[in-house]
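Shown next, in structure tokens, is the structure this report addresses.
The values are calculated or read from the model by the stated rules, or taken from the named source; none is laboratory data. Predicted model only: the values in this text are computed from it and were never measured. Here the Cβ positions follow ideal geometry from the backbone for every residue, glycine too, while neighbour counts run over all protein chains shown. In case anyone asks, the SASA skips ligands and DNA or RNA and just uses the protein heavy atoms, side chains included. Shrake-Rupley method; radii C 1.70, N 1.55, O 1.52, S 1.80 Å.
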Amino acid sequence: MTESGEFCPRCGDPIAVDREQRQYPGAATRRERKLCDSCYFDRFDLVDAPDRIEVRVCAQCGAIHRGKRWVDVGAQDYTDVAIEEVSEALGVHVDARDVSWQVDPEQVDQNTIRMHCHFSGVVRDTLVEETVTVPVKISRETCTRCGRIAGDYYASTVQVRAVDRVPTAEETDRAREIATETVEAMEATGDRDAFVTDVGETDGGLNIKVSTTNIGKKIASKLVEEFGGDFDDSETLVTEDEDGDEVYRVTYSVRLPPFTPGDVVDLDDGEGPVLVRSVRGNLKGRRLTTGEQYEASPEDGDAPDARKLGTVDDAEETTLVSVEDEHAVQVLDPETYQTKTISRPDYLDPDADTVRVLKSRAGLHVVPDGSPRGEA
Ligand SMILES: [Zn+2]
Ligand SMILES: [Zn+2]
């Protein structure tokens with residue numbers, strides 16, 4: 001063996017020249033690089049493993065605590081979680097090449113898994129193997145989210161109300177749907193703080209309690225976007241948090257417009273009832289006497305002075321007896337079966353055998369076919 005003239009800094013043995021000339025680029029320190037093989041392996045650990053690992057899992061939802069927060073991992077069982085946590089925690093020496101490893105979990109009891117980890121790798125052209133056993137303790141806790149849900153925590157309430165009426169089933173059903181959709185969309189982005197705490201019916205409408213003010217505001221905005229009306233917000237101081245900051249709860253009061261699409265209203269302007277098509281912005285619809293379009297002035301907005309006569313769903317099919325002229329037709333009164341002469345709106349098909357009519361305190365009126373919202 002040719003000697004390099006260098007000596008092992010630990011034992012003083014001369015180092016073979018081929019050793020010195022070899023490259024161990026990964027070697028941690030220069031001193032380590034200079035050690036003779038014997039001294040090097042003496043102190044060598046292929047694997048750096050913690051004595052034990054604790055995995056905090058939420059017993060309610062299965063989330064695990066990682067770093068400083070709870071994360072949903074969607075694990076089927078905790079063994080998979082334990083394996084993953086152990087692999088994260090294990091370190092393999094930087095000098096090792098061609099590392100392979102396997103983990104055999106041994107379930108000791110319900111909350112303890114012993115991980116037998118077998119590693120092999122090539123270090124200084126030598127195959128090195130090592131087995132470490134890491135006990136994993138599963139501690140079952142309640143995550144922040146589940147704790148809050150269990151404690152009926154909420155940060156904002158959306159009050160769904162309507163002006164001079166109670167919200168319709170369609171409106172409250174949609175409000176529930178919007179709440180769920182909003183929370184689901186936020187959950188999909190990994191937001192664990194989003195949930196609906198409670199949905200409660202009251203005499204005047206619906207109260208939706210949600211976990212953050214942001215969700216409350218989103219629900220209120222979406223409802224108004226779809227159904228018209230408006231909302232405002234008010235804060236109530238509920239407590240101080242651990243840092244002494246004031247914690248507010250925000251109530252979003254949604255006021256849906258007094259009329260809804262499909263309503264037939266009397267504006268008391270002598271031009272006949274209007275079938276409401278839209279109440280977003282200002283009320284829009286059609287005269288049942290002529291078929292002309294009606295649109296409330298900007299000042300009246302979605303709440304012109306009007307009385308509700310009924311809805312288009314109250315209309316009944318009856319016989320179109322005859323067309324008198326451009327402005328009048330004869331139909332059978334669906335209640336009395338007497339022939340009545342009534343206004344002829346432009347949407348009436350003069351060749352039809354039957355028409356749908358609404359009988360109200362304003363008289364008999366022909367209503368257009370199809371949904372009022374579907375009309376242009
Ligand atoms: Zn040595
Ligand atoms: Zn949980």
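Numbers below:
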| quantity | calculated |
| --- | --- |
| Test: residue in segment 344-356 that is open to solvent by 80 Å² or more (accessible area, probe 1.4 Å) and in a helix (DSSP H, G or I) | no |
| Segment 32-59 residues that are over 18 Å from V92 (Cβ atoms), paired with ones that are among the acidic types (D, E) and within 11 Å of ligand 1 (Cβ to nearest atom) (beta carbon under 6 Å, 6 or more apart) | C36/D13 |
| Every residue from segment 360-376 that is modelled with pLDDT of 95 or more and open to solvent by 50 Å² or more (accessible area, probe 1.4 Å) | none |
| Pair list, Cβ under 9 Å, 6 or more apart: segment 308-324 residue within 12 Å of T260 (Cβ to Cβ), other residue among the charged types (D, E, K, R) and open to solvent by less than 30 Å² (accessible area, probe 1.4 Å) | K308/D263; K308/D266; T311/D263; V312/D263 |
| Condition met for A169 (outside the structural domain of R33 (by TED's automatic domain parsing), away from ligand 2 (no atom under 16 Å from the Cβ) and surrounded by 15 or more Cβ atoms within 10 Å (Cβ to Cβ)) | no |
| Tally of residues being closer than 22 Å to V99 by Cβ, within 12 Å of ligand 1 (Cβ to nearest atom) and open to solvent by less than 40 Å² (accessible area, probe 1.4 Å) across segment 30-59 | 2 |
| Enumeration of residues in segment 150-162 that are modelled with pLDDT under 95 and open to solvent by 50 Å² or more (accessible area, probe 1.4 Å) | A150, G151, D152, Y153 |
| For V123: the one exception among (1) in contact with a strand residue (DSSP E or B) (Cβ under 6 Å, 6 or more places away or on another chain); (2) farther than 30 Å from T260 by Cα; (3) among the hydrophobic types (A, V, I, L, M, F, W, C) | (1) |
| Residues located in segment 182-223, provided they are on the phi > 0 side of the Ramachandran plot and part of a strand (DSSP E or B) | G205 |
| Qualifying residue in segment 60-81 (condition: over 28 Å from the mean Cα position of the chain (by Cα) and open to solvent by 70 Å² or more (accessible area, probe 1.4 Å)) | no |
| Any hit, segment 273-294, residues being among the hydrophobic types (A, V, I, L, M, F, W, C) and surrounded by fewer than 23 Cβ atoms within 10 Å (Cβ to Cβ) | no |
